[in-house]
Structure formats: structure tokens, C-alpha cells
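Just dropping this structure here.
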Amino acid sequence: MNARWDRLPSLVGEAGAETLRQFRATVEGAFPGRLQAMVIFGPRVRGDGGPGGDWDVALFIEGFDLDREGRRLRLPAAQFHAKEFSVSPLGLPADRAQISAELLASIDRDGIPVPGSKGLTVEEFRHWERGEPDLHELINGQPVRLPDARQATCRGMRARLAAMVAHGGDMDAGHHWLERPHDELGDTPLHVVLKDWSGLVRVLRLLEAGWPGCTGYDQDKAPFLVGCRGDSLLREAERFAALEASRQ
């Protein structure tokens, strides 16, 4: 598989991408029905590792127990070392229980998913969408771009969440703040937000200046899901605005 949205070939080359897919298939065979995500991360993904280093691979496996099942990952990895493509697998429980916050942050920040034969899983899609400013939804394993109107609505929902948090969880107060003009913006925040990601950045920075911490985002605690896991709403918007600007 070499779908248009698959970022692996641009990072590891066509041969490397195929090797990683083969490794994924091997792991799926060793843990039938349990692999929820395979994500490469670490120094080589970030570009600050040596060309001969291992590719760090996070494998989120339902009910994974390192002491009892670690060997089932090490054996296939050894086979792939012989193919001159060094894979360093890291088995992790799919529910993310008892995993260090620092490790999860690294995987969420840098991770690039390795799609299976049926495309992306939901968990892998959450990693994939971090690098794509055009918002998508997952349909049958394939990312499908949202229409422009829904793109704008999703940006507006991010602003609504931050404004609500800024006003102590009062959704009506947050909505009122978004709908009245502000001198710093020269318009209503909602109108600014709906234009593009840079507009959302301006609004979130204004909120953050008045109510520090209001753009923080935790998928497990938020009243509705809008942002990328591992990011604040502001950091996500800044990253997407930079990606959007690089296309112009």
C-alpha cells in the first residue's frame, strides 16, 4: 500500500516503508486482534539521530504485559535486523496505563503511524492528524478531508472550548466573549477564527493572555473532543498555522 496520505515513504523510502509494513504484519500475527497502533518515533523521526541508528517503534497492544510477552516482540525484531533495517520495538498497553507521561508525550509529538493493510486504526489516525492542517475524519481506515465549512466549524469549537474554560466552565459566558468585538482583533473572535488557523492562533493567544492555562487540552477531561492529544489548543493551532503557511 502506498496511499497518497501515507507519510512513511517520504521518511524511510519505499523499501523502508515496505519493511515496516511487513514488521507490522508479523506483530499482528503474533498478537492477533490486539494491535491497536504501530507508530515510529524518536531521534530518527525527528532527524537528530544518526543514519545507522534503530527505528524506534511503539506498538500499542491490548492487554500487553512486558514481562510475559516481551519475547514475542524481540524475536521478530531480530529477524528484521538481519534485513539491515534495524527496528527497536517497544510494546505498550493500548490503554496507556502505567506509561510515563514523558514517553507518551514523545510518541504523541513525533509519532508517524505505520498503516496496516486496512489503512489506519483510530489510534493511528490521532497520530497522523497532527501533521495535517486540513482536518479529516477516518472512514474505513482512510483519512477523508472535511469540507471547508466543517473545517471552520471545528476551529470554532476549539475557540469555544478555550473561552468556556476561561470563564470557569460557563459556556454562555464564553460564547458571549467570542461574539463581541475586541479591539485587539478588530472583529469578533468567532469571525477571526473561521478564516484560518492563524486567526485561531490570534484568538487563543488573546484568551491565554487574559486567562493563563485556558488553552490547555486533555482529551480525557475535555467536555468534547476537538484537539490533538498531547497538545494544548494553542500549540496545535500554532503548528497547523505554520504548516498552512508553508504551503503558500
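Filtering segment 120-143 down to residues that are surrounded by fewer than 16 Cβ atoms within 10 Å (Cβ to Cβ) and over 19 Å from Pro93 (Cβ atoms), which residue is nearest to the chain's Cα centre (by Cα)?
Among those residues, the one meeting the criterion is Gly131.
Now a separate question. If I filter segment 81-98 down to residues being of a type in the set (A, V, I, L, M, F, W, C) and modelled with pLDDT under 75, which single residue comes out as surrounded by the most Cβ atoms within 10 Å (Cβ to Cβ)?
Among those residues, the one meeting the criterion is Phe85.
Just wondering, is there one or more residues in segment 212-225 that are of a type in the set (Lys, Arg) and under 30 Å from Leu120 (Cβ atoms)?
The answer is yes; a qualifying residue exists.
Something else now. Looking at segment 179-201, which of its residues are in a helix (DSSP H, G or I), without any contact (Cβ under 8 Å) to a residue 24 or more places away in the chain and of a type in the set (A, V, I, L, M, F, W, C)?
Within segment 179-201, just Val192 meets the criteria.
Looking at Gly33, Gly53 in this structure, which one is of a type in the set (Gly, Ala, Ser) and modelled with pLDDT of 90 or more?
None of the others qualify; the one that does is Gly33.
Table: residues versus (1) surrounded by 16 or more Cβ atoms within 10 Å (Cβ to Cβ); (2) assigned by TED's automatic domain parsing to the domain that holds Ala94; (3) on the phi > 0 side of the Ramachandran plot; (4) out of contact with any His (no Cβ under 7 Å at 6 or more places or on another chain).
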{"residue": "Thr19", "(1), (2), (3), (4)": "yes, yes, no, yes"}
{"residue": "Val27", "(1), (2), (3), (4)": "yes, yes, no, yes"}
{"residue": "Gly33", "(1), (2), (3), (4)": "no, yes, yes, yes"}
{"residue": "Gln36", "(1), (2), (3), (4)": "yes, yes, no, yes"}
{"residue": "Phe41", "(1), (2), (3), (4)": "yes, yes, no, yes"}
{"residue": "Trp55", "(1), (2), (3), (4)": "yes, yes, no, yes"}
{"residue": "Glu62", "(1), (2), (3), (4)": "no, yes, no, yes"}
{"residue": "Asp65", "(1), (2), (3), (4)": "no, yes, no, yes"}
{"residue": "Gly70", "(1), (2), (3), (4)": "no, yes, no, yes"}
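Could I ask something else about it? Return a yes/no flag: does segment 203-218 have any residue that is assigned to a helix (DSSP H, G or I), within 23 Å of Ala149 (Cα to Cα) and more than 16 Å from the chain's Cα centre (by Cα).
yes
Ok, one more. Report yes if Gly169 is surrounded by fewer than 18 Cβ atoms within 10 Å (Cβ to Cβ), modelled with pLDDT under 95, more than 18 Å from Ala241 (Cα to Cα) and in the same structural domain as Lys221 (by TED's automatic domain parsing), otherwise no.
Yes.
Please verify whether Leu92 is assigned by TED's automatic domain parsing to the domain that holds Ala25, among the aliphatic types (A, V, I, L, M) and farther than 20 Å from Gly42 by Cβ, treating the condition exactly as stated.
Taking the combined requirement at face value, the residue does not satisfy it.
The values are calculated or read from the model by the stated rules, or taken from the named source; none is laboratory data. Small disclaimer: the values here were computed from a predicted structure and weren't measured. Note: ideal-geometry Cβ built from the backbone for every residue, glycine included; neighbour counts use all protein chains shown.
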